[in-house]
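*Asks:* Following this message is one structure expressed as structure tokens.
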Amino acid sequence: MMILRISATSPYARKVRIAVSVLGLEDQVRASLADTYDPADDIRTQNPLGKVPTLLLEDGRAIYDSLVILEFLNDLAGGNAVIPSGGDRINVLLAHALASGMTDAALLQAYEKRWRSAETQSDKWLEHQAGKVDRALDELESAPFAWNDRPHIGAIAKACGLGFLDLRFGGRWRGAHPKLAAWLDDFSRRVPAYEATAFKG
Ligand SMILES: N[C@@H](CCC(=O)N[C@@H](CS)C(=O)NCC(=O)O)C(=O)O
């Protein structure tokens, strides 16, 4: 059994958890909570970066960065599953990059507020990151990408990024991005793992 180190709120871990479900690999992967703030947690020896998600293989290897884990799981499922082998591959990876970059910018804002006192927080930095999120949301609103029977990693990353904005920024993106909100509702209906991996507090 492989072990997936996660945190309950991590959008990157959620992306991998949804991919595990979509690929039908639930019986091969067990999730285990990690506390990335606790120096005594094994996550820092399993992954020098101390980040979730990290996938621990049965042969002792640890695989990290969510995109590398997704590539691994895609191969394990026989390939050409959540990441296309040809054709749309670059488009799907690009969609993943946009959604992940948006998530990174949202997370950096959340960290700025968590790790710095109110007096030392940089408004300039927060605005710089917020600009990335806003532009990514506008791009996603104007050019929503479809998926058919099985969501690819671009769609999964997009849903998890939006879910993180719902969780940490009170869903404020929804008002100005109605098509995107409808897209997420549809994703949530069609992919049960999305709701199943939502942070319930
Ligand atoms: N690029 C990484 C980002 C992972 C990441 O930043 N995870 C956060 C949780 S959302 C984390 O583990 N943070 C702890 C830390 O940075 O020390 C990926 O895609 O896996």
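*Asks:* Can you list, largest first and rounded to whole Å, the semi-axes you get for the range 14-106 by taking the square root of 5 times each eigenvalue of its Cα gyration tensor?
*Replies:* Details: eigenvalues 116, 60, 23 Å².
Listed largest to smallest, the semi-axes of the range 14-106 are 24, 17, 11 Å.
*Asks:* Suppose R0 equals 30 Å; then what is the FRET efficiency for Leu76 and Ala110 from their Cβ-Cβ distance, rounded to the nearest 0.05?
*Replies:* Plugging the Cβ-Cβ distance into 1/(1 + (r/R0)^6) gives 0.45.
*Asks:* Can I ask one more? Report the gain in length on full extension from Ala176 to Leu93: 0.36 nm times residue separation, minus Cα-Cα distance, nm rounded to one decimal.
*Replies:* So the extension gain works out to 27.3 nm.
*Asks:* Related question: Would you mind giving the average projected area, over all directions, of the Cα convex hull of the chain in nm² with one decimal?
*Replies:* Working: hull surface 47.7 nm².
Directional mean of the projected Cα hull area for the chain stands at 11.9 nm².
*Asks:* If you don't mind, there's one more thing I want to ask. Among His96, Gln129, Ala155, pick out the residue whose Cα is farthest towards the positive end of the charge dipole of the chain, where Lys and Arg carry +1 and Asp and Glu carry -1 on C-beta, about the Cα centre.
*Replies:* Gln129
*Asks:* Additional query: Using the Cβ atoms and a cut-off under 13 Å, what net charge is assigned to the surroundings of Arg174, where Lys and Arg are +1 and Asp and Glu are -1?
*Replies:* -1
*Asks:* From the backbone phi of the range 66-76, what are the Karplus-calculated ³J(HN,Hα) couplings (6.51 cos²θ - 1.76 cosθ + 1.60, θ = phi - 60°) in whole Hz, Gly and Pro given as x?
*Replies:* 4, 5, 5, 4, 5, 4, 4, 5, 4, 5, 4
*Asks:* Label-point separation (nm) for Phe169 and Asp42, each offset 7 Å from Cα along Cα-to-Cβ?
*Replies:* 3.6
*Asks:* Express the Stokes-Einstein translational diffusion coefficient of the range 89-191 in µm² s⁻¹, to the nearest whole number, given a Kirkwood radius over alpha-carbon pairs, 25 °C and a viscosity of 0.890 mPa s. Numbers along the way, then the final one.
*Replies:* On the way: Rh = 14.2 Å.
Translational D for this selection: 173 µm²/s.
*Asks:* How much net charge surrounds Tyr194 when only other residues with a Cβ under 14 Å from its Cβ are counted (Lys, Arg +1; Asp, Glu -1)? Show your work: numbers first, answer last.
*Replies:* Working: positive: Arg14, Lys15, Arg17, Arg150, Lys158, Arg189, Arg190, Lys200; negative: Asp166, Asp185, Asp186, Glu195.
Value of the local net charge: +4.
*Asks:* Which whole-angstrom value gives the distance between the alpha carbon centres of the range 37-62 and the range 105-124?
*Replies:* So the two Cα centres are separated by 26 Å.
*Asks:* What net charge is computed for the residues neighbouring Val68, neighbours being all others with C-beta under 15 Å from the C-beta of Val68, Lys and Arg scored +1, Asp and Glu -1? Mind showing how you got there, number by number?
*Replies:* Details: positive: Arg5, Lys15, Lys51, Arg61; negative: Asp65, Glu71, Asp75.
Result for the local shell: +1.
Read-outs: derived from the displayed coordinates by stated rules, not from any lab. The model shown is predicted, which means the values in this text are computed figures rather than measured ones. Every residue, glycine as well, gets a Cβ built from its backbone with ideal geometry; the counts of neighbours run over all protein chains shown.
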